[in-house]
């Protein structure tokens, strides 16, 4: 498969919209149902009926039973309380039992963490959303004078004109070299005038923001995220990249072709290619702000609960409002999209947040395997993580169904 076609397929899967509820998810196969965990991780002292939690768990375990993935985690906050934190299945084809502490590659659900590093710099008074990137990183514009008009707001909202940088995107061998990545971002030229259109920044989102933070405070985004976000929120199992892959057990990714269950042989295609790529130790050790978050569903849900709580002690109220407000509403790669400064918004027909998601729901998906969102109207923070990469059609259906179940039972 050609690189450009491959990246296009990955982008479509990462952004993906859901399918009609009546669409088939493939043949159902039997299998040993994973034993549900005790409810020590599923608090029931809120005002939620136990039967509601049971129905959510039933939907969660049913997806493992149908062999849509080897293992998964689900974490849900409701009214500032962690009401559900469960895991099931295995950490891969030959893996151990999945637990709530198993760490996963988070793909594009990393982007809101990366955006959070910029919002932190805004809170610190070091940058502003409407600053030009060249104000803080003069060499950013050296190879294309149009880049002098790119603002930080443009980057956060996928409107910079640098939606792809093939010299980095297609070369994983440089992902772990911050100096080389910065140089290649400086050499890149715009595809269009900044602010004139929206194009999902599949990987360049991280390249640009990492270069920006290095030029502002001399630190990469992984350091800033750890100090300013993960540590204060007690997100002890999350990082952007990992220092030593041998020292951390990360769930093994598996790519599935449409309608394949886990007992079928793996077929060649973009899902298998991406799974193999992101299972590599050197990739997991790289700081890829758009894709190599390594963490748990519990920590993802904790982050969105922080945003529901007006930023707690991590972000100011003003910055939290900017983070979680709609910035742009327009077509992105043939689909209507509503984006903010690091998240996207729900409420569109067939949305992968679920058919019951209102326009106020915000969050982010991760390539064919993960979904996260916050629902301010119902005070719910949701994170669903799996180790099975599926195409946009099947993935959107499974995450939308689970999201709708959670919203229905907790609202």
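Derivation of every value follows stated rules applied to the coordinates shown; laboratory data play no part. Only a predicted model underlies this, so the values are computations on that prediction, with no experimental measurement involved. Don't worry about glycine lacking a Cβ; one is built from the backbone with ideal geometry, like all the others, and counts go over all protein chains shown.
For region 50-193, the C-alpha radius of gyration sits at 1.46 times the compact-globule guess of 2.2 N^0.38 Å, with N the residue count.
Expressed as a whole percent, the proportion of Cα-Cα pairs in region 86-126 lying more than 15 Å apart is 59%.
Where the alpha-carbon atoms of region 268-411 are placed on the principal axes, they occupy 43, 33, 32 Å, in descending order. Three semi-axes describe the equivalent ellipsoid of region 160-252; taken as square roots of 5 times the Cα gyration tensor eigenvalues and ordered largest first, they are 26, 16, 13 Å.
Annotation: the residues 155, 328, sorted from fewest to most other C-beta atoms within 10 Å of their own C-beta, follow the order 328, 155. Packing order of peptides 197-205, 104-112, 300-308, highest average first: 104-112, 300-308, 197-205 (average count of other Cβ atoms within 10 Å over each peptide's residues). Here the Debye sum runs over all C-alpha atoms of region 114-220 as equal scatterers in vacuum, and log10 of I(q)/I(0) at q = 0.09, 0.15, 0.17 Å⁻¹ comes out as -0.19, -0.54, -0.70.
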